[in-house]
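This report refers to the structure that appears directly beneath it.
The values are calculated or read from the model by the stated rules, or taken from the named source; none is laboratory data. This one's a predicted model, so the numbers in the text were calculated from it and none came from an experiment. Cβ sites come from the backbone with ideal geometry, for glycine too, and all protein chains shown count toward neighbours. These accessible areas exclude ligands, DNA and RNA; they are computed on the full protein's heavy atoms, side chains included. Shrake-Rupley method; radii C 1.70, N 1.55, O 1.52, S 1.80 Å.
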Amino acid sequence: MTPAPEIWIVDDEPDARAIFGRALSDGGYRIATFRDGAEVLDRFRTEAPALLLLDVGMPGLSGWDTLKEWRRRGGTQPVLMITASNDVDSRIRGLENGADDYLGKPCSPAEVLARVRALLRRVPRARPAEAKPLHLGAVTVDLEKKTALKAGGPLRLTRTDYALLTLLAETPGKPVSRELILQRVWDGHSGGSHALDTHLWRLRKKLGDTGEGPPLIQNLPGIGYVLTAGA
């Protein structure tokens, strides 16, 4: 039997670790908890989780710094950030630094469980015939291997980035509605609408889609998004 996915919870508050851990354990996941970023990064030397639940406001190594180091070390697992700072700038900062989703405190254990399940369901659905590399300006993306190169050098993309590109690449040149993207990538969560805009803005920035030339991913207001460049 395949073991249940393991979720790592990083939070300096014992109550938060216990509450979130209980909800996720009841939801069928294995749990490991950590008090700070240094502790989880040390464990990451030899093991890896299915998903990282990461608090921002921790003493010592903050959640932001932990996330940066996690990604620098090659961690591709989805990261759900949880913080008391639920303003727009904080959300954008988290998503820019490689987070896949963001929840502000206080948040219910049920919502944490739902977000975790949605993140773990974000599996690109490209068919074999559609798995050929995408050529987006100076960027080449292999959706099957989940690797990307920009001007010949490695480009770091998150699991959400690959999920978005995979969906858009299924119908290159044709718009994909916001509703379909939210359903397929954010599992229909109402909070995903803002995350969609932020993720696509960040993804276009990574691809060099700055608006100075023909767009690689075009926003069609009231319709959706279209991949205007591709294989």
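What helices (runs of 4 or more DSSP H) completely inside region 60-154 contain at least 2 residues that are at pLDDT 75 or above? Per the criteria, 63-72, 109-120. Screening L180 against (1) part of a helix (DSSP H, G or I); (2) modelled with pLDDT of 85 or more leaves a single unmet condition, (2).
Scanning region 194-231 for residues being in contact (Cβ under 8 Å) with a residue 12 or more places away in the chain, among the aromatic types (F, W, Y) and surrounded by fewer than 18 Cβ atoms within 10 Å (Cβ to Cβ) gives a total of 0. Candidates L167, L149: the one that is at negative phi, of a type outside the set (K, R) and open to solvent by less than 20 Å² (accessible area, probe 1.4 Å) is L167.
Restricting the first member to region 27-46 and to residues that are within 22 Å of A110 (Cα to Cα), and the second to residues that are hydrophobic (A, V, I, L, M, F, W, C) and open to solvent by less than 20 Å² (accessible area, probe 1.4 Å), the beta-carbon pairs closer than 6 Å and six or more apart or on different chains are Y29/I7; I31/I7; I31/L24; A32/W8; T33/I9; F34/V10; F34/V40. The set of residues in region 13-56 being assigned to a loop (DSSP other than H, G, I, E, B), within 19 Å of Y102 (Cα to Cα) and open to solvent by 70 Å² or more (accessible area, probe 1.4 Å) consists of E13 alone. Residue count for region 1-12 under the criterion of being open to solvent by 50 Å² or more (accessible area, probe 1.4 Å) and either of a type outside the set (S, T, N, Q) or touching a residue at least 60 places away in the same chain (Cβ under 8 Å) (or both): the result is 4. Listed by first and then second residue, the pairs linking a residue in region 172-187 that is within 18 Å of D101 (Cα to Cα) to a residue that is loosely packed, with under 14 Cβ neighbours inside 10 Å and not polar (S, T, N, Q), with Cβ atoms under 7 Å apart and 6 or more places separating them unless they lie on different chains, are L182/G188; D187/R121.
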